[in-house]
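Worksheet: the structure to be examined is printed underneath.
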Amino acid sequence: MYRLDGRKAIVTGAAHGIGRGIAERLVAEGCDVGIFDRDLETAQATAKAIAKPERKVAVVSGDVSVKTDVDTGMAALMGELGPIDILVNNAGICRIGKLLDMAESDWNETFGINVNGLFYATRAVVPQMVARRRGAVINLASWMGKSGADSYGAYCASKFAVVGLTQTLALELGAHGVRVNAVGPGLIVDTKMRDESEAMRRAQGLPTAVDRAKSIPLRRPGYPRDVANAVVFLASEEADYITGETVSITGGLWND
């Protein structure tokens, strides 16, 4: 356990899947947590499920790809929770399709959420970390942010951008006491994104998660808790000398 008693955290896209797993683990480690998600009903249900008597879980509804939503929502969460110590840029989507065939709207939505959302949330929250000279930012990249993949061009490009932004922010913010890292999940199941991705893969005749898990050295897919474990470590004092890294969480599928 990495005790984070009294820390304040915001997790984007925390109503479902990986984001929910991260928020739940942060609460268990002693954090007050703010959930920013466009699915208000599910976010409220998540907050109710993961809350503890001694910990506060706040919810704001908004779309990370809309700057005004982010600015207003983050201000509201910081007003309720106080200064933020941990920002987890988790919100993301995946659209499958060949680059020459996919709809331009799918490309734009992928970058709007996966890249612009990270940019907006970081700019809304991190200045108060800089002012206090402390804080940790953890971005959700992907193993596909380290290697291209057939039919995942938009997703890969957006996650390569997340890795690049993580490295750049680490260089820019290190002197101000703020660390910036990323995690690169592999095949993670029990998530809304995975369910949607699997439906698209089946429609296009591509291998399913069950088929692909057979090629993973650990012979199983990952779960939200596997990602949450790494995020909590990177947010903790145990990782005080780590910044600019993207940690692969792939069961050995990708180990660069």
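Beta carbons closer than 8 Å, at least 6 apart along the sequence or on distinct chains, pair a first residue in the range 231-255 that is without any contact (Cβ under 8 Å) to a residue 40 or more places away in the chain with a second that is surrounded by fewer than 14 Cβ atoms within 10 Å (Cβ to Cβ) for Gly252/Pro217; Gly252/Leu218.
Check whether at least one residue in the range 15-29 is within 18 Å of Leu118 (Cα to Cα) and not in a helix (DSSP H, G or I), and report yes or no. Yes, that holds for at least one residue.
Scan the range 104-127 and report the pairs whose first residue is of a type in the set (Phe, Trp, Tyr) and whose second residue is in a helix (DSSP H, G or I) and at pLDDT 95 or above, with Cβ atoms within less than 6 Å and a gap of 6+ or a chain change. Partner pairs satisfying both residue conditions: Trp107/Ala154; Phe111/Ser158; Tyr120/Lys67; Tyr120/Val70.
Considering the range 38-56, the residues that are in contact with a Ser or Thr (Cβ under 8 Å, 6 or more places away or on another chain) and either in contact (Cβ under 8 Å) with a residue 60 or more places away in the chain or crowded, with 18+ Cβ neighbours inside 10 Å (or both) include one that is farthest from Leu4 (Cα to Cα), namely Arg38. Within the range 104-127, the set of residues being within 14 Å of Leu87 (Cβ to Cβ) and surrounded by fewer than 15 Cβ atoms within 10 Å (Cβ to Cβ) comprises Arg123, Pro127. In the set Gly92, Gly82, Gly164, Gly148, only one residue is touching a residue at least 40 places away in the same chain (Cβ under 8 Å) and either surrounded by 15 or more Cβ atoms within 10 Å (Cβ to Cβ) or more than 30 Å from Val27 (Cβ to Cβ) (or both); that residue is Gly92.
The values are calculated or read from the model by the stated rules, or taken from the named source; none is laboratory data. Only a predicted model underlies this, so the values are computations on that prediction, with no experimental measurement involved. When we count neighbours, we look across all protein chains shown, and the Cβ atoms used for this are built from the backbone with ideal geometry, even at glycine.
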